[in-house]
Amino acid sequence: MTSIRELVQRPGIRLYDSTMINDFRRCPRYFYYRHILGWAMDYGKPSLAATYGICWSLAMDWLWVHPGDVEGAHKAFLEGWTGRGLEPYPVDSYRHRHPMTAKEMLYAYNDQRKGFLRNHCKVLAVEEPFVVPLDPSDDTLWYMGRLDKVIDHGGDVLIVDHKTTSSYAASGVTAPFRWNFLESFIPNFQIEGYQYAGRMLYGKKFRGVWIDAALVHARVHDGFKFIPIEQEVSQLDAWLWNCRNQIDHIEAYIKQMDAEGTKYMAAFPKNDRACFDYNSPCSYLEPCRMWADPRGQPPPPGFVESRWSPFNHAGGDKT
């Protein structure tokens, strides 16, 4: 059987994942900067929210395999935190995202989940990379990603995806989470991609995706919720069509890259409606202002070349 490592190194292979597709849907020029040129913002230190989400996933990796060992889970969190250049104790700039908050959360999480983890699920895989075909008639086109957890729950196979969020609601039927956070997973291209991969990998045994949501808050440290998501085959067929349709557009733009007779790049157009998101500028706003055609340009100040891959990424914070 061909291994994932052998597959991704095969000449002519075309690999796509949810980040790439979502970036293209957001703005084709954004996709070009991030995934063709490989430019990424050089923040010096990673985003605090993203780092907390990554470290929470590391803690979950330990706790789901060793139910009840909160200290071991916190050690995994702390090693991930300090390994990314952050202080092990709270400082003002961290606000409520720091290792002591994580420790309070982990003890509360263990109280709520220990019985389930010990008696009602078997962990089959942790941080499992996957590559699945997108077209039975094209053995060069594949979809890739990484699954936080794969578990057996009463004979059903489930994918568990850990999400941290600061979307707090003090009251209401969805408390302690805001309703728009809970509703953000249907439809959701990434989660639907997990559903598709689960069906391809595990067949009829696969039941669905569970979002394991954790609230990160200054005072509330026991906000956790499983959000089960199951979809019919017809919905996954629609996801597959949408995915391949987006890829067709990406690859059509790649073929247009050598268009002659213009002083601008006649491919990967800018979506100027995405230049500001909730009043925050796009990372690539300045390069877009500088060049009509960025081909051949070096990364501008504040950027480094860093290729995206789900195989070296874990976790995330959905705010």
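Let's see how each residue does on (1) farther than 30 Å from Asp156 by Cα; (2) modelled with pLDDT of 95 or more; (3) not aliphatic (A, V, I, L, M):
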{"residue": "His221", "(1), (2), (3)": "yes, yes, yes"}
{"residue": "Lys225", "(1), (2), (3)": "no, yes, yes"}
{"residue": "Ser234", "(1), (2), (3)": "no, no, yes"}
{"residue": "Cys243", "(1), (2), (3)": "no, yes, yes"}
{"residue": "Ile250", "(1), (2), (3)": "yes, yes, no"}
{"residue": "Ile254", "(1), (2), (3)": "yes, no, no"}
{"residue": "Asp277", "(1), (2), (3)": "yes, no, yes"}
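For the range 52-77, name all the residues that are in a helix (DSSP H, G or I) and without any contact (Cβ under 8 Å) to a residue 40 or more places away in the chain. I'd like the intermediate steps shown before the answer.
Filtering the range 52-77 for residues in a helix (DSSP H, G or I) gives 52-65, 70-77.
Listed by number, the residues that qualify are Trp62, Glu71, Gly72, Ala73, His74, Lys75, Ala76, Phe77.
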Open item on the list: Is it the case, given these coordinates, that Lys149 is open to solvent by 10 Å² or more (accessible area, probe 1.4 Å) and assigned to a strand (DSSP E or B)?
Closed with: no
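Does Ser47 qualify as being hydroxyl-bearing (Ser, Thr, Tyr), within 23 Å of the chain's Cα centre (by Cα) and open to solvent by 20 Å² or more (accessible area, probe 1.4 Å)? Please lay out each step first, then the result.
Working: hydroxyl-bearing (Ser, Thr, Tyr): yes; within 23 Å of the chain's Cα centre (by Cα): yes; open to solvent by 20 Å² or more (accessible area, probe 1.4 Å): yes.
When the stated conditions are applied, Ser47 passes them.
Pick from Asp272, Asp222, Asp277: which is in contact (Cβ under 8 Å) with a residue 40 or more places away in the chain and acidic (Asp, Glu)? Break it down into steps so the answer makes sense when it comes.
On the way: Asp272 fails: in contact (Cβ under 8 Å) with a residue 40 or more places away in the chain; Asp277 fails: in contact (Cβ under 8 Å) with a residue 40 or more places away in the chain.
None of the others qualify; the one that does is Asp222.
Check Phe116, Phe185 and return the single one that is within 24 Å of Trp64 (Cα to Cα) and touching a strand residue (DSSP E or B) at 6+ places or on another chain (Cβ under 7 Å).
On the way: Phe116 fails: touching a strand residue (DSSP E or B) at 6+ places or on another chain (Cβ under 7 Å).
None of the others qualify; the one that does is Phe185.
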TODO: Filter the range 286-319 down to residues that are surrounded by 12 or more Cβ atoms within 10 Å (Cβ to Cβ) and not in a loop (DSSP other than H, G, I, E, B) and give me whichever is modelled with the lowest pLDDT.
DONE: Asp317
Task: Residues of the range 198-222 that turn out to be over 17 Å from His98 (Cβ atoms), surrounded by 21 or more Cβ atoms within 10 Å (Cβ to Cβ) and out of contact with any Asp or Glu (no Cβ under 8 Å at 6 or more places or on another chain), as a count - done: 2
Task: Tyr143 being modelled with pLDDT of 95 or more, over 27 Å from His98 (Cβ atoms) and surrounded by fewer than 19 Cβ atoms within 10 Å (Cβ to Cβ) - done: no
Open item on the list: Checking Tyr109 against (1) assigned to a strand (DSSP E or B); (2) open to solvent by less than 40 Å² (accessible area, probe 1.4 Å), only one condition comes out false. Which one?
Closed with: (1)
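When the residues of the range 152-185 are filtered to those that are in contact with a Ser or Thr (Cβ under 8 Å, 6 or more places away or on another chain) and of a type outside the set (D, E, K, R), which remaining residue is surrounded by the fewest Cβ atoms within 10 Å (Cβ to Cβ)? Give the steps one after another, and end with the answer.
From the range 152-185, those in contact with a Ser or Thr (Cβ under 8 Å, 6 or more places away or on another chain) are 162, 165-167, 177-178, 180-182; that's our starting set.
Still in the running and of a type outside the set (D, E, K, R): 162, 165-167, 177, 180-182.
On the way: His162: 22, Thr165: 21, Ser166: 18, Ser167: 20, Phe177: 20, Asn180: 10, Phe181: 22, Leu182: 18.
Among them, the one singled out is Asn180.
Kindly provide the set of residues from the range 1-38 that are outside any helix (DSSP H, G or I) and within 18 Å of Asn242 (Cβ to Cβ), ordered by number.
Our first condition is that a residue be outside any helix (DSSP H, G or I); within the range 1-38, this holds for 1-3, 9-17, 27, 37-38.
Arg14, Leu15, Tyr16, Asp17, Cys27, listed by residue number.
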TODO: Could you tell me whether the range 186-193 includes any residue that is open to solvent by 30 Å² or more (accessible area, probe 1.4 Å), at pLDDT below 95, under 21 Å from the mean Cα position of the chain (by Cα) and closer than 23 Å to Ala59 by Cα?
DONE: no
- [ ] Give just the number: which of (1) open to solvent by 20 Å² or more (accessible area, probe 1.4 Å); (2) touching a Phe, Trp or Tyr at 6+ places or on another chain (Cβ under 7 Å); (3) within 18 Å of Phe206 (Cα to Cα) does Arg97 not satisfy?
- [x] (3)
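Could you check, for the range 206-214, whether at least one of its residues is farther than 22 Å from Trp142 by Cβ, in contact with a His (Cβ under 9 Å, 6 or more places away or on another chain), among the aromatic types (Phe, Trp, Tyr) and outside any helix (DSSP H, G or I)?
First pass over the range 206-214, keeping only residues farther than 22 Å from Trp142 by Cβ: 207-208, 210-214.
Narrowing the set further to residues that are in contact with a His (Cβ under 9 Å, 6 or more places away or on another chain) leaves 207, 210-214.
Checking the rest, the ones that are also among the aromatic types (Phe, Trp, Tyr) come to 210.
Subsequent filtering for residues that are outside any helix (DSSP H, G or I) retains 210.
Yes; the residues of the range 206-214 include at least one that is farther than 22 Å from Trp142 by Cβ, in contact with a His (Cβ under 9 Å, 6 or more places away or on another chain), among the aromatic types (Phe, Trp, Tyr) and outside any helix (DSSP H, G or I).
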Task: Search result, residues across the range 152-178 that are under 21 Å from the mean Cα position of the chain (by Cα) and closer than 14 Å to Phe226 by Cα - done: Leu158, Ile159, Val160, Asp161, His162, Lys163, Thr164, Thr165, Phe177
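Can you say whether Gln256 is of a type in the set (S, T, N, Q), open to solvent by 40 Å² or more (accessible area, probe 1.4 Å) and closer than 30 Å to Gly296 by Cα, as far as the supplied structure shows? Walk me through how you get there before you give the answer.
Numbers: of a type in the set (S, T, N, Q): yes; open to solvent by 40 Å² or more (accessible area, probe 1.4 Å): yes; closer than 30 Å to Gly296 by Cα: yes.
Criteria met by Gln256.
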- [ ] Considering (1) touching a residue at least 40 places away in the same chain (Cβ under 8 Å); (2) open to solvent by less than 10 Å² (accessible area, probe 1.4 Å); (3) closer than 21 Å to Ala108 by Cβ, say which one Asp17 fails and leave the rest.
- [x] (3)
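The values are calculated or read from the model by the stated rules, or taken from the named source; none is laboratory data. All figures in this text were calculated on a predicted structure; none of them were measured in a lab. Every residue, glycine as well, gets a Cβ built from its backbone with ideal geometry; the counts of neighbours run over all protein chains shown. All accessible areas refer to the heavy atoms of the entire protein, side chains included, with ligands and DNA or RNA removed. Shrake-Rupley method; radii C 1.70, N 1.55, O 1.52, S 1.80 Å.
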